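Please treat every number below as a calculation from the coordinates, not as lab data. The shown structure was predicted, so the numbers you read here are calculated from the model rather than taken from an experiment.
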């Protein structure tokens, strides 16, 4: 414990993380990732189904995902690009397979 206090006072990054903190972080990331996929799908399916609604929903979701990734996660530019492109591909496949 004293070692961690010293790291904090010296403004250093801790060398290890508590297992509980690690599990909570993984849970938050998993729930957020699931919601990022499920919420746009639900919006596209609720009410009237149209290609325009799906494309707008998909575009907004991709932009929000890219912004959240850029400001919320420490990732390199290529990692951010690949993650956003993968997310977009999943949504495009959904839109392509579920016609109005």
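At a glance:
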quantity: Extension gain from residue 5 to residue 63, taking 0.36 nm per residue of separation minus the Cα-Cα distance; calculated: 17.0 nm
quantity: Using alpha-carbon coordinates, inclination of helix 19-45 to the longest axis of the chain, degrees; calculated: 10 degrees
quantity: Using alpha-carbon coordinates, inclination of helix 51-72 to the longest axis of the chain, degrees; calculated: 10 degrees
quantity: Principal-axis tilt of helix 77-97 within the chain, Cα atoms, nearest 10 degrees; calculated: 30 degrees
quantity: MRE, 222 nm, helices only [DSSP H, n ≥ 4, -39500 (n - 2.57), over the chain, to nearest 500]; calculated: -26500 deg cm²/dmol
quantity: Sequence-separation-based contact order of segment 20-97, relative, with Cα cut under 8 Å and 6+ spacing, percent; calculated: 34 percent
